[in-house]
1. What single numbered condition from (1) in contact (Cβ under 8 Å) with a residue 40 or more places away in the chain; (2) out of contact with any Gly (no Cβ under 9 Å at 6 or more places or on another chain); (3) part of a loop (DSSP other than H, G, I, E, B) fails to hold for N124?
2. Identify, please: which residue in region 127-136 is open to solvent by less than 90 Å² (accessible area, probe 1.4 Å) and assigned to a helix (DSSP H, G or I) and is, among those, nearest to R204 (Cα to Cα)?
3. Restrict the check to region 147-160 and report whether at least one residue is open to solvent by 10 Å² or more (accessible area, probe 1.4 Å), touching an Asp or Glu at 6+ places or on another chain (Cβ under 8 Å) and either among the hydroxyl-bearing types (S, T, Y) or modelled with pLDDT of 90 or more (or both).
4. Taking interchain pairs and intrachain pairs at least six residues apart, which have beta carbon atoms under 9 angstrom, with the first residue in region 1-22 and at pLDDT below 85 and open to solvent by less than 100 Å² (accessible area, probe 1.4 Å) and the second part of a loop (DSSP other than H, G, I, E, B) and of a type in the set (A, V, I, L, M)?
5. Of the residues that make up region 137-144, is at least one part of a helix (DSSP H, G or I) and touching a Gly at 6+ places or on another chain (Cβ under 6 Å)?
6. So which residues in region 192-232 are of a type outside the set (D, E), loosely packed, with under 14 Cβ neighbours inside 10 Å and part of a loop (DSSP other than H, G, I, E, B), if there are any at all?
Amino acid sequence: MAANLVPPAPTLPGDARLEVFVHPNAWPEGRPLEEDNKFSDARRLEYLGTKMVETAYMDVLNARWPKATAQQLAVSQRNASPSLWNQSTPTMPIPTAPALPGDALLEIFVHPASIPANQQTDPNNKFSDGRRLAFLGQKMTELAYMDAMSEKWPNVQAIQLQTLVNSTIHGFMEKCVNAYRWKERVRGFPQNVDILHDHEEAYRLFRAYAGAVYVEHGYDILKSWIKDLTLL
């Protein structure tokens, strides 16, 4: 296998991916099984998967080392040989973020703490100010992310879609900000703030950028960008 390449995972329908990628704690306690959904629920899939992964992995090791004893195979199963797998983590190229003018970037990447709280908006600058962009971006990001998830899983119920969005949108924003390395571009943040590990700053950056994209390019471009990002 070529370095840094991973074989495509077998394709799964939306009902299965919903169970897999929504954390079990996000589902209501005592949620009943859905009789018409063979993937319901994730805990059951995980239990079944544990048994089947162990069986399949043992078969792979047995085929790789046919002369190994049962004890050697059991040890190999618990402590995978470094030569079995490439240890590097594959990465997918991140979509190019929609281009923004300098006035917008200034509002996004200058930390709000360095801007006076009573600063007036500039009537000649449609991106003024960063806090307004972040507020607008929060609403538009939620809408675009909901639309993207709705298209990705068209058959899920409203409550399932809401659970999916609420439980994944913050991780989605943080992952994207880290991929773009936007925190490294922020200026004017307080000295006592560990900005590289600040979750709230990741959310602010993504929302402010999304708000500026909406102002500059409109909703369709924003949604298309966010939809592409959900594939990461």
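The values are calculated or read from the model by the stated rules, or taken from the named source; none is laboratory data. Being a predicted model, the structure only gives us computed values, none of them experimental. Positions of Cβ are backbone-derived with ideal geometry, glycine not excepted, and every protein chain shown enters the neighbour counts. Side chains are part of the model used for accessible areas, which takes the heavy atoms of the whole protein and leaves out ligands, DNA and RNA. Shrake-Rupley method; radii C 1.70, N 1.55, O 1.52, S 1.80 Å.
1. All conditions are met except number (1).
2. Step one: list which residues in region 127-136 are open to solvent by less than 90 Å² (accessible area, probe 1.4 Å), which gives 127-130, 133-134, 136.
Adding the requirement that they be assigned to a helix (DSSP H, G or I) leaves 130, 133-134, 136.
Numbers: G130: 9, L133: 9, A134: 6, L136: 11 Å.
Within region 127-136, the match that is nearest to R204 (Cα to Cα) is A134.
3. Looking for residues that are open to solvent by 10 Å² or more (accessible area, probe 1.4 Å), touching an Asp or Glu at 6+ places or on another chain (Cβ under 8 Å) and either among the hydroxyl-bearing types (S, T, Y) or modelled with pLDDT of 90 or more (or both), one finds none in region 147-160, hence no.
4. Going by the 9 Å Cβ cut-off, the qualifying pairs are P7/M1; G14/V156; D15/V156; L18/V156; V20/L12.
5. Narrowing region 137-144 to residues part of a helix (DSSP H, G or I): 137-144.
With the extra rule that they be touching a Gly at 6+ places or on another chain (Cβ under 6 Å), the set shrinks to 137.
Yes, that holds for at least one residue.
6. Hits for region 192-232 are N192, G218, L231, L232.
Residue by residue, here is whether (1) at pLDDT 60 or above; (2) assigned to a helix (DSSP H, G or I) holds:
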| site | (1), (2) |
| --- | --- |
| F39 | yes, no |
| Y47 | yes, yes |
| K51 | yes, yes |
| D59 | yes, yes |
| P66 | yes, no |
| V75 | no, yes |
| W85 | no, no |
| P93 | yes, no |
| A97 | yes, no |
